């Protein structure tokens, strides 16, 4: 019984307290050791950089978010369609699936310069990168989900003399949703990386573009603001998928604790 | 037992409902063909409760699948009401050892699944589904999800699902095999009730000797390697039967007979060579 003297907030401190504590230590260290600002800016300078031009950050966050979401949405739509084809057709399994595995085993980042040549320096090449880097996770998890049916369920469905479409619509699809959401949660983060890579290669908009522009001017506080916004954006996108998941599959094992 | 005699008369008056003639089934495996069933013949009367009883590997589930039209015999023929079985026939209900309820559907929606699959009138059958679930003591659980139910309740829902379209043939593949002994007794009696009231033909796969004798008009005792029917026992107890029938000397006699058959087939041998 030596523990009761430690207060609750210290044994399990809230997230905001931990983050604030880290910022305070960071700020104190910068005051104490005075590193050059282009090497390690202090939190207050970073905050100032954000407040100086909020509209720039807002509009460029919007571009990055939009390209990421469009690429992600395309990867879900096309990836799921491909997964259906792979599950229902041996021919497509032998062709598309093999091709996808081959494409996935090469570093897709290396394709970004090529996409700029093909699609220009506009949004299309970023959307294409966000799409390409995410689709594999969608296809793999969707195929897994669509295939994960117990033999008895197939027997049951056949004994009820329903059409193949009924089996797909009423059993196979809902049964695949948990797995599809797992794929989407991985894919959304990958899409953001894909879009950033596209912006690094060549862009006039987006947080990736801001990072490159600020780095060229040795304006490190602005680089930090962009990184901060990227991590906020990534978190929001992930939470968004979780939000939809909770509402779509409240019946799944992973969601029950939250629902009740 | 007036009820008993009238029942058995109904059953014996009819011509065979299901006719299984010289059926053989082999499966291809990596170590060559496996003979799952060899030369099985059996006539099942309309409205009969018949059990397929045997150790694992005796082909009882395989035989059930052949009757269900879910698999095709390698040789021999199966027919239902005079028509060769080529696929799942109309008026078929199935119950498996796993309840295979769909987690995203409520209890009522799970029972309604066959109605949706067969595009039947939803409003009409929803009443029947509610009635069945009430019969099973699940009236308060219509809108619950399967994971909120006990094993026995889940299997009741699965039986409700098999019965909702009022099929004339009910095939049950070790339906109570995963339940505890008390729940199993309870469901055995409930199944007998349903059968007595509805006059369905029931083929019941089990590896429990007591369960088979308690429920069945006839018990097909099967053996493995190769899967075949050794003997068909007539179980002559009046209906409705209660659990007390298990203490009847005749019940022991049936049990002994089945055990002797199994022993002669080496089922209970302890030394695993």
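Odds and ends about this structure:
- Viscosity 0.890 mPa s, 25 °C: Kirkwood-radius Stokes-Einstein D of chain B over Cα pairs, µm²/s: 126 µm²/s
- Fewest-first ordering of A:30, B:220 by other beta carbons within 10 Å of each residue's beta carbon gives A:30, B:220.
- Residue-averaged 222 nm ellipticity for chain B, from DSSP H runs of 4+ at -39500 (n - 2.57), nearest 500: -11000 deg cm²/dmol
- Acute angle (nearest 10 degrees) that the helix A:220-248 long axis makes with the longest principal axis of chain A, alpha-carbon atoms: 30 degrees
- Number of partner chain Cβ atoms within 10 Å, mean per residue of A:160-167: 5
- In nm, spacing of pseudo-spin labels at residue B:166 and residue B:267 (7 Å Cα→C-beta vector): 3.8 nm
- Share antiparallel - DSSP beta bridges, the protein assembly as shown, percent rounded to 5: 55 percent
- Three-way shape label, the stretch B:55-108, alpha-carbon gyration tensor, a/c 1.5: oblate
- Chain B - share of DSSP beta bridges that are antiparallel (%, nearest 5): 55 percent
- Fully extending the segment from residue A:9 to residue A:185, taken as 0.36 nm per residue of separation minus the present Cα-Cα distance, adds 60.2 nm.
- Which of A:42, B:193 has the fewest Cβ neighbours within 10 Å, and the rest in rising order: B:193, A:42
- Shielding value for B:97-108 is 4, the average number of Cβ atoms from other chains within 10 Å of each residue's Cβ.
- Pairwise FRET efficiency - residue B:139 versus residue B:116, Cβ, R0 = 25 Å, nearest 0.05: 0.70
- On the beta carbon distance between residue A:66 and residue A:117, with R0 = 25 Å, the FRET formula returns roughly 0.65.
- Span from the the stretch B:141-159 Cα centroid across to the the stretch A:59-102 one, whole angstrom: 38 Å
- Relative contact order [Cα under 8 Å, 6+ residues apart], the stretch A:1-133, whole percent: 24 percent
- Pairwise FRET efficiency - residue A:243 versus residue B:86, Cβ, R0 = 35 Å, nearest 0.05: 0.10
Coordinate-derived values only; no laboratory data. A quick note: this is a predicted structure, and the numbers were derived from the prediction, not measured. Cβ atoms come from the backbone with ideal geometry, glycine included; neighbour counts cover every protein chain shown.
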